[in-house]
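Following: one structure in structure tokens, then a few remarks.
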Amino acid sequence: MERGFLGYDASPMLDVVVCALVLLVPLLVWSVFQAKVRKRFALHRTGQLVLAAILLTAVILFEIDMRLQGGWERIVNRDPANPRLTGAALDQVRTMLSVHLCFAISTPFLWGTTIILALKRFPNPPVPGHHSGLHQKLGWISVIDLVMTSATGLAFYYLAFVRTAA
Ligand code: HEM
């Protein structure tokens, strides 16, 4: 099994996903800044749609990778005769992955709802209107959800591959 390009025992596709998770947060801050401070709503819309595309691609790549490799535990312990993570350390990674999945599964649904409603209810080009109140609430919840998806995903990668690197 090929190693990741970041220099750890992960897979190349997992490393692509990690890079996407790191990239998403500054892009998100920039895009919300465009709406909140600069009032450049069309740019905000484009930014959010690009982010959603990156997010979706990362999720699909991650899923394909996990299925191809036979699950994350097979990646973490690629040599069953000499496992890198066992006992409490493996349990900790498992717990972190469960927390991560709560955010990672809800994020696409929340993002989908926020985007579909915004595209339907804001005019083109987008300007504040009757949908603003709900969009701001949904928007901030989506932002928090994505930041948590990214933070917990990176924590999983750290616990599973970085902390234990030889
Ligand atoms: C999941 C995707 C999106 C997220 C997370 C998001 C997030 C946000 C947030 C947090 C704000 C509030 C900024 C503030 O507190 O003032 C905002 C404002 C705004 N967004 Fe989005 N947005 C998304 C998609 C879109 C799309 C697709 C459009 C256009 C079709 C759009 C149009 C706007 C507009 C017009 C405002 C200003 C509303 C107002 O202040 O009255 N957003 N967005």
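Just so it is clear, none of the values below were taken in a lab; they were calculated from the coordinates. In this text, all values refer to a predicted model and were calculated from it rather than measured experimentally. With ideal geometry, Cβ positions are generated from the backbone for all residues, glycine too; neighbour counts draw on all protein chains shown.
Subtract the Cα-Cα distance of Ile105 and Ala53 from 0.36 nm times their separation in residues, and report this length gain in nm to one decimal.
Values: separation 52, 0.36 × 52 = 18.72 nm, distance 1.57 nm.
Additional length available on full extension: 17.2 nm.
Using θ = phi - 60° and the Karplus relation 6.51 cos²θ - 1.76 cosθ + 1.60, list the HN-Hα couplings for region 131-143 in order, rounded to whole Hz, with x at every Gly or Pro.
Couplings: 8, 4, x, 5, 4, 5, 5, 4, x, 5, 5, 4, 4 Hz.
What distance in nm lies between label points placed 7 Å from Cα along the C-beta direction at Tyr158 and Gln92?
1.1 nm
Under 5 Å between amide H atoms, partner at least 5 residues away or on a different chain: which partners does Ala10 have, H built in plane at 1.01 Å?
Under 5 Å from the amide H of Ala10 lie the amide H atoms of Gly4, each far enough along the sequence or on another chain.
Using helices alone, what [θ] at 222 nm do you get for the chain, with -39,500 (n - 2.57) per DSSP H run of 4 or more residues, divided over all residues and rounded to the nearest 500? List each step's numbers first, then the result.
On the way: 5 runs with 120 residues, N = 166.
Roughly -25500 deg cm²/dmol at 222 nm, from the helical runs in the chain.
Evaluate the distance, in nm, between pseudo-label points positioned 7 Å from the Cα of Leu117 and of Gln136 along their respective Cα→Cβ axes.
It is 1.4 nm.
Applying a 10 Å radius around every beta-carbon, put 105-113, 121-129 in order of their mean neighbour count, most first.
Details: 105-113: 15.3, 121-129: 12.6.
Listed from highest to lowest mean packing, they are 105-113, 121-129.
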